[in-house]
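The values are calculated or read from the model by the stated rules, or taken from the named source; none is laboratory data. The structure presented is a predicted model; accordingly, all values stated were derived computationally and were not measured. Virtual Cβ from ideal backbone geometry, glycine too; neighbours counted across all protein chains shown. Ligands, DNA and RNA are stripped out before the accessible areas are found, and what is left, the full protein with its side chains, is counted by its heavy atoms. Shrake-Rupley method; radii C 1.70, N 1.55, O 1.52, S 1.80 Å.
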Amino acid sequence: MPARPTALRIEHLHNPLGLDEPAPRFSWKLADTRAGAAQTAYQLEVVAAGDDSPVWDTGRVASDDSVLVPYAGPALAPHTRYHWRVRVWDHQKRDLGWSKAAWFETGFLSPETPWPAAEWIAHPALPKAPADRPAARLRKRIRLAATPREARLYITARGIFEPSVNGQRIGTDHLTPGWTDYRARFEYLTYDVTAQLRAGDNEVSALLADGWYCGWFGFKRCRDHYGDTPALLAVLRLVEADGTVRWIGTDSSWSASTGPILNADLYDGETCDARLAFGQKEKPAKVLSFPWLPLAAKAFGRVRTIEELKPVALTRPAKGRHVFDLGQNMVGNIRLHIRAPRGTRVTIRYAEMLEADGTLYTANYRSAKSTDTYVCSGRGVEVYEPRFTFHGFRYVELSGLKTKPRLDAVTGLVWHSEMDSTGSFECSDPLVNQLQSNIRWGQKGNFLEIPTDCPQRDERLGWTGDAQVFIPTAAFNHDVAAFFRKWTRDLADGQHATGAYPDTAPDLFFNIWPTNAGANAAWAEAGVICPWVVYQKYGDTRILAENYPAMTRYVAHLEKTSDRLIRPDTCFGDWLSPEATKPEWAATPCDLIGTAYFARAAELVAKTAAVLGRAADARRYAALHKRVLAAFNRHYVTADARLAGDTQTAYLLALGFDLLPGKKRPAALAHLERTLRRRNDHLCTGFVGTPLLCPVLSRFGRHDLAYQLLFNDGYPSWLYPIKNGATTMWERWNSWTPDRGFGDAGMNSFNHYAYGAIGEWLYDTVAGISELAPGYKKILLRPVPHEKLTHASASLDTPHGVVSSAWILKGKTFSWTVVVPPNTTAVAVPPCASLADVRIANKPWRDASGVTATVHGGVPALALAAGRHVFTVSVPTKKD
């Protein structure tokens with residue numbers, strides 16, 4: 001296959017419809033398997049649909065930039081499709097020709113401007129809380145003289161909607177428009193409905209339900225957080241054959257009705273009576289007036305059905321109760337195939353685990369009913385998929401049937417935000433492979449519109465602490481650049497007037513926990529850490545620029561509310577750590593955690609300022625960082641490097657965040673080792689300490705201890721839940737134990753991704769892939785083998801292409817194959833004391849092309865050009 005530019009993206013998206021970026025950024029990859037493949041120049045061309053001449057042509061630009069190249073042409077027009085292509089010149093200065101064309105289409109490009117001909121409308125007589133609220137249908141009949149040349153539906157809701165044109169559902173999205181901080185902004189979606197419209201009579205409609213806007217939400221069983229009535233805003237933009245533009249929007253001419261969906265709630269579930277239909281007792285829609293808030297085009301993957309699961313078993317643990325086992329804890333809904341007499345009421349319940357008698361364990365769902373009900377019409381085989389709710393579950397119970405259902409009566413529909421799968425990891429240990437699977441399933445289940453803490457109980461909130469510890473792992477498994485760019489906007493939207501970041505984004509605590517002042521240690525710092533990680537993993541500087549004002553306000557708040565730069569106690573601490581379960585083991589002091597994260601935030605803001613070219617700011621925040629370090633050492637560290645609390649997490653923070661002077665680090669490491677021995681070399685950390693455990697131990701040369709923690713399978717450890725049947729990450733190390741059964745139901749999720757942060761270490765240390773420059777423009781390949789593993793491999797589709805590292809260990813022979821993507825370079829650190837132990841094709845490495853000697857971190861290393869490299873390394877054993 002000839003070398004060429006490929007994988008064209010704009011703002012991390014493929015051919016986005018409805019883009020509100022005045023200066024969008026273009027990315028592409030170089031498909032070129034030649035050794036040393038690289039780009040030396042590019043040319044971008046952007047053409048408006050229907051035009052011959054480009055609106056922007058960069059000409060030949062001498063640059064190897066291929067990631068997020070910003071548009072710099074004339075102002076883009078709204079509601080316009082643009083086609084674009086790129087050509088590149090390779091490392092031999094040869095023109096590789098033009099890529100295939102990609103496209104993007106602009107939306108309104110003016111979030112502050114009200115839409116033409118559109119008003120917010122609602123059903124005029126829906127019941128108020130606490131009564132169940134049915135889904136409404138809002139519709140408009142229109143007559144067209146001719147089929148339009150082009151038709152776009154722009155639509156959003158205070159609630160969640162499902163659009164249709166002429167009875168045909170539009171799109172495959174769920175729970176649209178999604179969840180933002182509705183006090184600050186809404187997102188809208190764009191649909192191309194040209195093919196659905198026709199000359200003559202047409203009907204545009206949307207089903208509308210409560211969703212996050214006014215449904216039950218929040219662990220205090222509250223409702224109507226943002227308003228008490230779901231409402232719709234939509235406008236149809238028609239372009240006639242002669243170019244005339246016509247707008248048809250929501251207004252009082254629309255009609256409203258209810259129908260078969262008798263209630264629809266994210267927590268409680270959905271009731272559908274198939275004997276009923278929409279359209280009966282229609283009423284004029286009610287026009288509602290709201291202050292205008294920004295409407296931004298949805299700029300990341302929508303929630304969709306990504307895969308389907310078939311049941312692996314069907315049991316009847318009690319009379320009339322049929323339990324389907326999908327074999328995997330998942331998030332989404334089901335498809336029910338059923339034939340039953342008219343009026344049969346089928347109750348559908350969900351659970352992540354089973355009681356000892358085989359019935360559903362649902363106590364951990366707390367007040368979330370998580371129950372769907374379907375009343376059969378009696379018209380042959382019926383198919384039902386809940387639309388306006390979602391569940392976290394492995395097991396599905398059907399009751400109300402007169403006969404035993406077939407195994408294929410239930411299909412699991414896996415929902416999550418669309419994210420390209422980018423990373424893989426595999427090794428010779430099946431339990432570690434299951435751990436990797438659990439990490440990925442935990443991410444898929446909880447990356448539904450926002451990064452939730454859990455997907456099943458009466459919570460499902462965008463907890464910031466969980467997100468910030470997991471984002472490096474998340475960015476390996478999937479492309480989450482656009483996902484987190486949107487979520488950091490939610491976080492900034494919820495920032496308190498004081499500068500404190502909230503604990504969740506979107507912030508719901510304004511209503512259910514108004515006394516929470518935010519700025520809680522290790523949670524609030526997500527506002528600083530997450531943009532920085534996106535920059536590191538994807539090379540995206542715009543997310544830094546967008547968040548920089550909020551980041552600086554937050555650091556100012558920390559400085560203002562500290563006592564001589566020591567943070568006060570805040571909520572959460574090292575959340576769910578077993579450390580304080582016995583009196584003789586003290587918990588990590590919350591003020592220590594807060595001061596450690598204060599230092600980390602100041603450091604990252606200084607680095608952000610430097611990236612953005614704000615040199616004076618960079619110096620100021622670097623100086624603040626040094627002052628916080630001095631305060632930390634003065635307040636928490638003894639002369640022999642013992643830390644306050646004397647916990648694993650305390651030492652992990654001090655070493656992982658470089659809080660200690662160099663001369664004290666060996667002693668602090670010794671103390672960390674002692675705290676591990678105190679627990680028989682088992683971890684004793686919570687959400688804050690656990691992500692740092694293996695990375696810190698490996699960084700300071702204790703790979704043996706890091707691996708021991710990985711391979712431990714007794715409580716507490718990563719493999720303990722797996723030995724007990726886990727298929728996703730658990731909230732607690734002991735959410736279920738053979739001797740005690742289920743843990744405290746008040747806080748016992750079986751799908752909680754935070755402890756999955758170990759994934760980062762599997763990828764960058766076991767397999768040996770990490771970034772040396774933002775966006776993996778330069779890559780570090782540094783695997784650390786272990787005698788318990790005979791092989792390990794990982795691959796990552798970076799912004800420049802796929803990098804991979806695969807090794808096999810047989811005796812003293814370490815066979816290592818790496819692939820460096822085009823237009824990048826890598827530094828490879830073989831696991832040996834001398835480069836003399838490295839051979840390529842049974843010859844000294846110096847005889848190979850594209851490989852030169854270098855040093856990394858004081859260790860001999862090899863500099864690699866793009867391409868495939870196969871090494872054979874003689875490694876020492878314990879006997880050596």
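Points to keep in mind about this one:
- Taking the inverse of the mean 1/r over every pair of distinct Cα atoms in the range 126-224 gives a Kirkwood hydrodynamic radius of 15.0 Å.
- Principal-axis tilt of helix 526-538 within the chain, Cα atoms, nearest 10 degrees: 80 degrees
- Cα centroid separation - the range 343-417 against the range 814-880, whole Å: 54 Å
- Annotation: extensible slack from T147 through E307 equals 54.0 nm (criterion: 0.36 nm per residue apart, minus Cα-Cα distance).
- Largest-first principal axis extents of the Cα set of the range 756-817 (Å): 36, 26, 16
- Each of the peptides 548-555, 446-453 was scored by the mean count of other Cβ atoms within 10 Å over its residues; in descending order, highest first, they stand as 446-453, 548-555.
- Given (i) 132, 73, 72; (ii) 83, 70, 56; (iii) 79, 66, 57, the label whose value is Cα extents along the principal axes in Å derived from this model: (ii)
- Here's the picture: charge each Lys and Arg Cβ at +1 and each Asp and Glu Cβ at -1 in the chain, and of A826, L576, L232 the one pushed furthest to the positive end of that dipole is A826.
- Listed peptides 87-96, 116-125 by packing density, highest first (mean Cβ within 10 Å): 116-125, 87-96
- A Förster radius of 45 Å, combined with the Cβ-Cβ distance separating K93 from E385, puts the computed FRET efficiency at roughly 0.20.
- Here the dipole of the chain is about 740 debye; that uses its Cα centre as origin and unit charges on the Cβ of Lys and Arg (positive) and Asp and Glu (negative).
- Residue-by-residue Karplus 3J(HN,Hα) for the range 312-329, coefficients 6.51, -1.76, 1.60, Hz, glycine and proline x: 9, 7, 9, 10, 10, x, 8, 4, x, 10, 10, 10, 9, 9, 7, x, 8, 5
- Between R34 and K281, the contour length at 0.36 nm per residue exceeds the Cα-Cα span by 82.1 nm.
- Probe 1.4 Å - accessible area at S834, Å² to nearest ten: 50 Å²
- Separation of the range 504-565 from the range 724-739 is 31 Å, based on Cα centroids.
- 0 to 90° range, to nearest 10: angle between helix 481-493 axis and the chain longest Cα axis: 80 degrees
- Diffusion coefficient, µm² s⁻¹, Stokes-Einstein with Kirkwood Rh over alpha-carbon pairs of the range 307-357 at 10 °C and 1.306 mPa s: 123 µm²/s
- A simple rule links phi to the HN-Hα coupling: the Karplus curve 6.51 cos²θ - 1.76 cosθ + 1.60 with θ = phi - 60°, which for the range 722-739 gives 5, 4, 10, x, 5, 10, 9, 6, 9, 5, 10, 5, 10, 4, 8, 10, x, 8 Hz, with x for Gly and Pro.
- Relative contact order (percent, whole number), the chain, Cα cutoff 8 Å, 6+ residue spacing: 10 percent
- Approximate spin-label separation A241-K100, in nm, with each point projected 7 Å along Cα-to-Cβ: 3.3 nm
- The gain in end-to-end length when the D65 to V855 segment is fully stretched comes to 281.8 nm, 0.36 nm per residue minus the alpha carbon separation.
- From phi via Karplus (6.51, -1.76, 1.60), per-residue ³J(HN,Hα) for the range 805-822 in Hz, x at Gly/Pro: 9, 9, 10, 10, 10, 9, x, 8, 9, 10, 9, 9, 10, 10, 10, 9, x, x
- Mean-position separation - Cα centroids, the range 304-336 and the range 5-39, in angstrom: 39 Å
- Spin-label pair C222-R699: with each label point 7 Å from Cα along the Cα-Cβ axis, the two points sit 3.8 nm from one another.
- Sum of side-chain charges, G259 neighbourhood, beta-carbon under 14 Å (Lys, Arg +1; Asp, Glu -1): +3
- Extent along the principal axes, Cα only, for the range 37-79: 37, 19, 15 Å, with the longest axis given first.
- Computed Rg/Rh of the range 239-332, alpha carbon atoms with Kirkwood Rh: 1.12
- Computed over all pairs of different Cα atoms, the Kirkwood value for the hydrodynamic radius of the range 710-851 is 17.6 Å.
- Note on D192/T561: beta-carbon distance plugged into 1/(1 + (r/R0)^6) with R0 of 45 Å gives a FRET efficiency of 0.35.
- Cα-based helix-to-principal-axis angle, 542-560 vs the chain, degrees rounded to 10: 70 degrees
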